[in-house]
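Enquirer: Below you'll find the structure I mean.
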Amino acid sequence: MLADRDRLHIAIQKSGRLSDLSRGLLKDAGLRIQEGKNALTARVENFAADLMFVRDDDIPTFVADGACEFGIVGGNVLDEFTLGAGGGGFETVAKLGFGRCSLRIAAPEATPYQGPRSLAGARIATSYPNIVRRFLADAGVEATVVTMNGAVELAPRLQIAGFICDLVSTGATLEANGLRAVETVLDSEAVLIRTTRPIAPAQADLGERLLSRIEGVLATRDSKYIMMNAPGEALKRITAILPGAEAPTIVPLHGRPGHFAVHAVCQESVFWETLQKLKDAGASAILVVPIEKMML
Ligand code: ATP
Ligand code: ZN
């Protein structure tokens, strides 16, 4: 068996909004995770790594202390931790494109709001006291921050606070509680963080391999391989339309002088509108296929 300093340790959320998506990302990166019910750790069968399942709030600490070399956590949790702990100990190495949400200030429907000034002297209930204090300081407004660990949206009804600051994705929870968002404090998504503590060379090597696989997965998630035929005079127009494609491959079609096959990797979504534009520009037999793996 390999010594621990020869393995990577990756902290992900045990159960919650990010847990399945975090596992999904690692699986897409080729990591076969040994599943055990309610286990606190899991071995990766085909990569020298162990997963640690923890509460999301503990992930920055694990990585900053070097107990785990990598972690997947919401930008909101990271920001709150950094402001509280004074930062240090980790770096963000990738934005992961999932777990998108916003930290927003909300108030009962009837509460008047004309910008941050309306918060002066108010009480704001939140699980993100450091982020809210920074927002207030930046806005030059004095208000009382009331820290709650959950059920923040009940605070106005219980008259604990006139405003709340909480995570919102669709706004349905706010609406169900008779609240409306008045201010966005932070836009967040899940991020991959890496410890900045010194690690063993073997771990650094594994880390580079993991990161390049994850970057590959992120790149393929939106990417498509696109192929079409086109007459020579249309090539210029066609390459200008291809979304996010650098240097397409252009090869002559056998038996059709003046006609070419165009192949390209598009790093942005390819919509029906794009296909129509390509057709209008002279392309035919357009094929769009998903990309399974990519290493940049
Ligand atoms: P834990 O038990 O790990 O402490 P939690 O209850 O604090 O879990 P979740 O509700 O599972 O956390 O949310 C985890 C993360 O998912 C949030 O920190 C945030 O980054 C992200 N997220 C995305 N959309 C939302 C949303 N609508 N509400 C809350 N969090 C969201
Ligand atoms: Zn949490």
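Enquirer: Going residue by residue through the stretch 44-52, is there one that turns out to be touching a Gly at 6+ places or on another chain (Cβ under 8 Å) and either open to solvent by 10 Å² or more (accessible area, probe 1.4 Å) or modelled with pLDDT of 95 or more (or both)? I'd like the intermediate steps shown before the answer.
Expert: As a first pass, look at the stretch 44-52 and keep what is touching a Gly at 6+ places or on another chain (Cβ under 8 Å): 46-47.
The next check asks that each one be either open to solvent by 10 Å² or more (accessible area, probe 1.4 Å) or modelled with pLDDT of 95 or more (or both); those that pass are 46-47.
Among the residues of the stretch 44-52, at least one is touching a Gly at 6+ places or on another chain (Cβ under 8 Å) and either open to solvent by 10 Å² or more (accessible area, probe 1.4 Å) or modelled with pLDDT of 95 or more (or both), which makes the answer yes.
Enquirer: Among the residues of the stretch 1-15, what is the count of those that are surrounded by 13 or more Cβ atoms within 10 Å (Cβ to Cβ) and not in a strand (DSSP E or B)?
Expert: Within the stretch 1-15, the subset surrounded by 13 or more Cβ atoms within 10 Å (Cβ to Cβ) is 6-14.
Adding the requirement that they be not in a strand (DSSP E or B) leaves 6-7, 14.
Of the residues in the stretch 1-15, 3 are surrounded by 13 or more Cβ atoms within 10 Å (Cβ to Cβ) and not in a strand (DSSP E or B).
Enquirer: Oh, and also: When residues of the stretch 265-296 are filtered for being modelled with pLDDT of 95 or more and either small (G, A, S) or in contact with a helix residue (DSSP H, G or I) (Cβ under 6 Å, 6 or more places away or on another chain) (or both), how many remain?
Expert: 8
Enquirer: Now for a separate question. Identify, please: which residue in the stretch 99-124 is open to solvent by less than 20 Å² (accessible area, probe 1.4 Å) and within 26 Å of the chain's Cα centre (by Cα) and is, among those, farthest from L179 (Cα to Cα)?
Expert: Among those that are open to solvent by less than 20 Å² (accessible area, probe 1.4 Å) and within 26 Å of the chain's Cα centre (by Cα), it is L103.
Enquirer: What are the residues in the stretch 127-154 that are assigned to a loop (DSSP other than H, G, I, E, B) and more than 16 Å from ligand 1 (Cβ to nearest atom), if any? Before you say what the answer is, go through the steps one by one.
Expert: Just the residues of the stretch 127-154 that are assigned to a loop (DSSP other than H, G, I, E, B), to begin with: 127-128, 140-143, 148-151.
Selection gives G140, V141, E142, A143.
Enquirer: Just give me the residues in the stretch 85-96 being open to solvent by 40 Å² or more (accessible area, probe 1.4 Å) and modelled with pLDDT of 95 or more, in sequence order.
Expert: To start, the set of residues in the stretch 85-96 that are open to solvent by 40 Å² or more (accessible area, probe 1.4 Å) comprises 85-86, 88, 91-92, 95.
Within the stretch 85-96, E91, T92, K95 meet the criteria.
Enquirer: Only residues that are open to solvent by 90 Å² or more (accessible area, probe 1.4 Å) and either assigned to a helix (DSSP H, G or I) or within 16 Å of ligand 2 (Cβ to nearest atom) (or both): list them for the stretch 16-39, please.
Expert: The answer is R17, D20, K27, D28.
The values are calculated or read from the model by the stated rules, or taken from the named source; none is laboratory data. Just so you know, these numbers come straight off a predicted model, no measurement behind them. Cβ atoms come from the backbone with ideal geometry, glycine included; neighbour counts cover every protein chain shown. Surface areas here come from the heavy atoms of the whole protein model, side chains and all, with no ligands, DNA or RNA. Shrake-Rupley method; radii C 1.70, N 1.55, O 1.52, S 1.80 Å.
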